[in-house]
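Accompanying notes for the structure given below.
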Amino acid sequence: MAYVGLAKPTVAKLDESAGTPKYTDGFTCGKAMALDIGPQYAEGSLFADNKKSEYDKEFKYADVTLGTDTLPIQAHKVMFGHEVSKEGESGTSIKNRTTDSSNYVGLGIYMDEMVDGLKKYVAMWIYKVKFAEGQESFKTKGDNIEYQTPSIGGQAIGIDDNLWKETMIYDTEKEAQDWIDEMAGIKQAQTPEGGGESGSGGDSGEGEVSGGGDESGKPGGDGTEDEGTSGGTTGGESGGEETGGEENGGETV
């Protein structure tokens with residue numbers, strides 16, 4: 001394998017309370033600069049008759065180090081458990097307390113790989129990792145420009161079924177990005193519960209409320225002729241209450 005790129009580090013908070021992993025509060029954690037994954041193993045050997053007769057090696061955890069160009073504000077809350085709040089019109093307060101505890105998160109990222117002259121996109125998802133903030137270094141400006149970028153480290157362990165990492169290989173970059181967003185719960189969060197285009201309201205759904213009309217489109221209550229025309233008639237022509245926003249926008253996800 002020949003990796004030639006690294007992009008889109010994505011982090012989401014892990015919730016295992018329901019028995020299966022669920023991820024929320026997903027976000028892109030800056031721009032990727034480096035990722036190091038170092039699996040650690042427990043080893044054991046058995047010697048008999050003056051030679052090694054048995055040997056076993058089991059996964060314990062993996063050291064994970066992520067370098068990015070910046071740590072977004074969300075990272076302080078989702079990853080490290082700090083209190084984040086708005087202050088004034090443009091200020092943001094991040095309070096670090098001695099009692100703060102980092103959260104378990106999922107980490108996704110994808111790499112460009114060259115295979116027989118063809119580019120593939122290798123998307124990776126680490127199911128359960130806890131990061132800790134590293135050393136912070138700051139320097140004043142000098143004759144040359146020096147960039148100070150953050151690097152965070154943590155450990156990855158397995159979830160209930162011992163799964164700790166999954167890899168998907170795609171032909172397109174979009175497929176890799178979409179898979180990572182789906183694992184992080186970002187695509188589900190972006191899907192409107194009202195039912196997309198058919199359940200987004202529309203003129204037919206508004207007729208039931210603004211015009212107060214019945215199925216024939218006639219104004220009811222205190223609605224005036226104009227209100228009945230703009231609201232009730234529209235609702236009537238599209239099927240009144242039966243098709244006006246309630247059924248179309250109901251269970252579609």
Residue count, segment 118-136, condition assigned to a loop (DSSP other than H, G, I, E, B), of a type outside the set (Asp, Glu) and open to solvent by 60 Å² or more (accessible area, probe 1.4 Å), comes to 1
Per the list (1) in contact with a Lys or Arg (Cβ under 9 Å, 6 or more places away or on another chain); (2) in a loop (DSSP other than H, G, I, E, B); (3) closer than 21 Å to residue 67 by Cβ, residue check on residue 147 breaks on (1)
query = For segment 180-203, does any single residue satisfy the condition of being touching a Gly at 6+ places or on another chain (Cβ under 8 Å), open to solvent by 80 Å² or more (accessible area, probe 1.4 Å) and at pLDDT 75 or above?
reply = no
Requiring at least 2 residues that are under 15 Å from the mean Cα position of the chain (by Cα) and in contact (Cβ under 8 Å) with a residue 24 or more places away in the chain, the strands (runs of 3 or more DSSP E) wholly within segment 1-117 are 3-15, 22-28, 104-115
Of the residues in segment 104-117, those that are open to solvent by 20 Å² or more (accessible area, probe 1.4 Å) and under 20 Å from residue 24 (Cα atoms) number 1
For segment 92-126, the count of residues that are out of contact with any helix residue (DSSP H, G or I) (no Cβ under 9 Å at 6 or more places or on another chain) and aromatic (Phe, Trp, Tyr) equals 1
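The values are calculated or read from the model by the stated rules, or taken from the named source; none is laboratory data. Given the structure is predicted, the values throughout are model-derived calculations rather than measurements. In this analysis, Cβ positions are derived from the backbone assuming ideal geometry, glycine residues included, and neighbour counts consider all displayed protein chains. Accessible surface areas use protein heavy atoms only, side chains included; no ligands, DNA or RNA. Shrake-Rupley method; radii C 1.70, N 1.55, O 1.52, S 1.80 Å.
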